1. Inside region 61-86, can you point out the residues that are at pLDDT below 95 and either among the aliphatic types (A, V, I, L, M) or not in a strand (DSSP E or B) (or both)?
2. Looking at region 79-100, which of the residues that are under 16 Å from GLU28 (Cβ atoms) and touching a helix residue (DSSP H, G or I) at 6+ places or on another chain (Cβ under 6 Å) is farthest from the ligand (Cβ to nearest atom)?
3. Keeping to region 147-169, report how many residues are in a loop (DSSP other than H, G, I, E, B) and either surrounded by 17 or more Cβ atoms within 10 Å (Cβ to Cβ) or at pLDDT below 95 (or both).
4. Just to verify a result, which residue in region 56-70, among those that are more than 9 Å from the ligand (Cβ to nearest atom) and in contact (Cβ under 8 Å) with a residue 24 or more places away in the chain, is surrounded by the most Cβ atoms within 10 Å (Cβ to Cβ)?
5. All but one of (1) within 15 Å of the ligand (Cβ to nearest atom); (2) within 26 Å of SER145 (Cβ to Cβ); (3) crowded, with 17+ Cβ neighbours inside 10 Å hold for ALA42; state the number of the condition that does not hold.
6. Aliphatic (A, V, I, L, M), more than 20 Å from LEU66 (Cα to Cα), out of contact with any Gly (no Cβ under 9 Å at 6 or more places or on another chain) and touching a residue at least 60 places away in the same chain (Cβ under 8 Å), is that true of LEU157?
Amino acid sequence: MTHVSRTTPDPTAITALLGHDTMWRRVESVESTGSTNADLAALARLGEPEGHVLVAAEQTAGRGRLDRSWVSPKGASLSLSMLLRPHHEFPRWGWLSLLTGMAVAAALRDIAPDPSRVQLKWPNDVLIDGGKVCGILSERIEHPSGARAVVGLGLNLDLGRDDLPVPSATSLSLEGFPVDREHIVAGVLGQMERYYSRWQTSGSLSAEYEAGCSSVGSNLTITVAPDIVVRGRGHGVNEFGRLQVATATGIETFAVGDVVHARMHH
Ligand code: BTN
């Protein structure tokens with residue numbers, strides 16, 4: 001039991017840190033589940049309103065982007081999903097993953113020994129010195145009363161070098177960041193509310209996203225299919241959160257793809 005209480009974030013402490021004036025109506029925390037996104041998607045299908053949060057200390061069937069799986073080892077990572085109900089038309093929902101990346105990056109900068117080490121890679125990877133510390137996955141769930149979004153993030157907390165799923169990953173503890181689970185969850189949720197409510201009002205956070213995303217201004221490759229790799233320089237993001245890349249033949253715009261920066265530290 002000591003092990004459980006050490007690694008499963010305490011929802012009462014999180015709620016206390018968030019205070020009363022918060023959009024997060026309900027914060028649940030479990031030791032282990034298949035996928036926090038799948039759990040909230042099931043609730044969304046039943047018409048659950050916006051503001052429900054589910055946190056897990058372990059996932060046994062975590063889902064990643066582009067139909068990949070996501071490894072969330074017991075106790076060493078944080079899986080967090082949020083149920084939202086955006087009022088924008090669907091093409092703008094691409095912003096959900098991007099603004100979640102902005103929120104995680106802001107929360108990590110708040111606890112960083114050196115905030116400039118935290119960067120964003122389009123669309124939503126959060127990096128510390130070029131190593132991926134957080135991945136984000138958004139899903140749309142239809143409901144007769146209005147579609148919901150489930151936005152999930154996986155954050156590597158205290159994985160050791162040998163526990164990393166891929167060499168290009170890193171963890172907060174490996175980078176010398178403090179790992180206080182409740183503080184991190186409350187920090188992410190607080191920043192998420194700020195960015196999400198601003199997006200609900202404005203529909204686009206392009207200028208701010210561009211300022212914080214290291215893909216913009218970097219030489220990069222973007223893989224859009226196994227055999228389609230485009231090379232260019234990150235130019236910006238459009239009003240739908242799509243990446244614009246300056247290539248030899250002009251500006252091309254991408255809704256999905258795997259970006260690799262030319263000069264990554266990892
Ligand atoms: C990526 O491929 O980079 C995205 C990974 C997203 C993982 C998170 S962990 C919480 C939520 N539940 C899931 O099953 N996936 C997301």
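1. The initial filter retains those residues of region 61-86 that are at pLDDT below 95, namely 61-77.
Result: ALA61, GLY64, ARG65, LEU66, ASP67, ARG68, VAL71, PRO73, LYS74, GLY75, ALA76.
2. Per the stated criteria, the residue is LEU83.
3. Our first condition is that a residue be in a loop (DSSP other than H, G, I, E, B); within region 147-169, this holds for 147, 157-160, 164-168.
From what is left, the residues that are either surrounded by 17 or more Cβ atoms within 10 Å (Cβ to Cβ) or at pLDDT below 95 (or both) are 157-160, 164-168.
Counting residues in region 147-169 that are in a loop (DSSP other than H, G, I, E, B) and either surrounded by 17 or more Cβ atoms within 10 Å (Cβ to Cβ) or at pLDDT below 95 (or both) gives 9.
4. So the residue we want is ALA57.
5. Going through the list (1) within 15 Å of the ligand (Cβ to nearest atom); (2) within 26 Å of SER145 (Cβ to Cβ); (3) crowded, with 17+ Cβ neighbours inside 10 Å, ALA42 breaks only (3).
6. Details: aliphatic (A, V, I, L, M): yes; more than 20 Å from LEU66 (Cα to Cα): yes; out of contact with any Gly (no Cβ under 9 Å at 6 or more places or on another chain): no; touching a residue at least 60 places away in the same chain (Cβ under 8 Å): yes.
The answer is no for LEU157.
The values are calculated or read from the model by the stated rules, or taken from the named source; none is laboratory data. Computed from a prediction, not measured in an experiment: that's the story for all the values here. Because the Cβ atoms are built from the backbone with ideal geometry, glycine has one as well, and the counts that use them run over all protein chains shown.
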